[in-house]
Amino acid sequence: GDQVEQSPSALSLHEGTGSALRCNFTTTMRAVQWFRKNSRGSLINLFYLASGTKENGRLKSAFDSKERYSTLHIRDAQLEDSGTYFCAATTNSAGNKLTFGIGTRVLVRP
Amino acid sequence: ETAVFQTPNYHVTQVGNEVSFNCKQTLGHDTMYWYKQDSKKLLKIMFSYNNKQLIVNETVPRRFSPQSSDKAHLNLRIKSVEPEDSAVYLCASSQTLNTEVFFGKGTRLTVV
């Protein structure tokens, strides 16, 4: 089946630094979403992309359907950025099924 | 702030019982979903409904049955639960079939 390979599985950052998360896809995806799971377990929508890049504050995401990957960049990391980040992508098949990555556990340290 | 509401938050039941989970979205969306978070913490789709019509049934056992009374509600009934049904079940919605998906907080089911 369609696979989403998310890396790294865990990431430790000092406040003020940055890093990138990546998802590779085994097939051509139509769109990608990025989520953060907050401390209460809720999935918070970060980005929805059908192509190109989007930026929101200190977060920036890119999606290349042809090259089969998406990235999420965190810059100037803050303590509240800690959490588990998930990418999820959907193909052109019926039903808008999201296939999720395994998640990246991000810890921002003072 | 969530607009996809699930009840209950938690439910503990015995093998063989029937359970029902409720989901309501206040976003005016046409499409609703049920996902299951498995033992490896991966979220996998179970069902998707568009305008109250079943679109996707991902080879889910027949004891699972979604119930849609209108576009804003998609409940999930499990007849005769089994131990492997212990999981977190997440409801979601999107405006249409090919748009951004929003999730509820989930219902954690424990089967003893």
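Looking across the range A:25-40, the residues that are within 12 Å of A:Thr99 (Cα to Cα) and either in contact with a strand residue (DSSP E or B) (Cβ under 7 Å, 6 or more places away or on another chain) or in a strand (DSSP E or B) (or both) come down to A:Phe25, A:Met29, A:Arg30, A:Ala31, A:Val32, A:Gln33, A:Trp34. Starting from residues that are within 21 Å of A:Asn96 (Cβ to Cβ) and without any contact (Cβ under 8 Å) to a residue 12 or more places away in the chain, keep the ones in the range A:41-55 and report whichever is surrounded by the fewest Cβ atoms within 10 Å (Cβ to Cβ). Top of the filtered list is A:Gly52. Could you go through the range A:19-40 and let me know if any residue there is under 26 Å from B:Ala3 (Cα atoms), within 13 Å of chain B (Cβ to nearest Cβ) and surrounded by fewer than 14 Cβ atoms within 10 Å (Cβ to Cβ). Yes, there is a match, as at least one residue in the range A:19-40 is under 26 Å from B:Ala3 (Cα atoms), within 13 Å of chain B (Cβ to nearest Cβ) and surrounded by fewer than 14 Cβ atoms within 10 Å (Cβ to Cβ). Hey, any hits in the range A:56-69 for a residue that's within 14 Å of chain B (Cβ to nearest Cβ), surrounded by 17 or more Cβ atoms within 10 Å (Cβ to Cβ), more than 25 Å from B:Asn50 (Cβ to Cβ) and not aromatic (Phe, Trp, Tyr)? Checked against the condition, which is being within 14 Å of chain B (Cβ to nearest Cβ), surrounded by 17 or more Cβ atoms within 10 Å (Cβ to Cβ), more than 25 Å from B:Asn50 (Cβ to Cβ) and not aromatic (Phe, Trp, Tyr), the range A:56-69 yields at least one hit. Considering the conditions (1) at pLDDT 90 or above; (2) assigned to a loop (DSSP other than H, G, I, E, B), B:Lys40 is excluded by exactly one of them, (1).
For B:Val15, are the conditions met, namely being away from chain A (no Cβ under 14 Å), β-branched (Val, Ile, Thr) and not in a strand (DSSP E or B)? Considered against the rule, which asks whether it is away from chain A (no Cβ under 14 Å), β-branched (Val, Ile, Thr) and not in a strand (DSSP E or B), B:Val15 comes out as yes. Scanning the range B:73-92 for residues that are assigned to a loop (DSSP other than H, G, I, E, B) and surrounded by fewer than 16 Cβ atoms within 10 Å (Cβ to Cβ) yields B:Lys79, B:Ser80, B:Glu82, B:Ser86.
State yes or no: is B:Gln67 at pLDDT 90 or above and in contact with a Cys (Cβ under 9 Å, 6 or more places away or on another chain)? Spelling it out, it is not the case that B:Gln67 is at pLDDT 90 or above and in contact with a Cys (Cβ under 9 Å, 6 or more places away or on another chain).
Among the conditions (1) modelled with pLDDT under 90; (2) assigned to a loop (DSSP other than H, G, I, E, B), the only one that B:Leu27 does not satisfy is (1).
Apart from one condition, B:Val56 fits all of (1) facing chain A (nearest Cβ under 9 Å); (2) more than 30 Å from A:Ala50 (Cβ to Cβ); (3) not polar (S, T, N, Q); the exception is (2). Within the range A:70-108, the set of residues being surrounded by fewer than 17 Cβ atoms within 10 Å (Cβ to Cβ) and of a type in the set (Gly, Ala, Ser) comprises A:Ser93, A:Ala94. Does A:Ala50 count as more than 23 Å from B:Tyr89 (Cβ to Cβ), away from every other protein chain (no Cβ under 14 Å), out of contact with any Asp or Glu (no Cβ under 7 Å at 6 or more places or on another chain) and of a type in the set (Gly, Ala, Ser)? It is false that A:Ala50 is more than 23 Å from B:Tyr89 (Cβ to Cβ), away from every other protein chain (no Cβ under 14 Å), out of contact with any Asp or Glu (no Cβ under 7 Å at 6 or more places or on another chain) and of a type in the set (Gly, Ala, Ser). Summed over the range B:18-45, residues that are within 10 Å of chain A (Cβ to nearest Cβ) and under 13 Å from the mean Cα position of the chain (by Cα) total 7. Among the candidates B:Phe47, B:Phe21, single out the residue that is assigned to a strand (DSSP E or B), surrounded by 14 or more Cβ atoms within 10 Å (Cβ to Cβ), at pLDDT below 95 and touching a Pro at 6+ places or on another chain (Cβ under 8 Å). It is B:Phe47.
The values are calculated or read from the model by the stated rules, or taken from the named source; none is laboratory data. From a predicted model like this one, the values you see are computed outputs, not experimental measurements. Cβ atoms come from the backbone with ideal geometry, glycine included; neighbour counts cover every protein chain shown.
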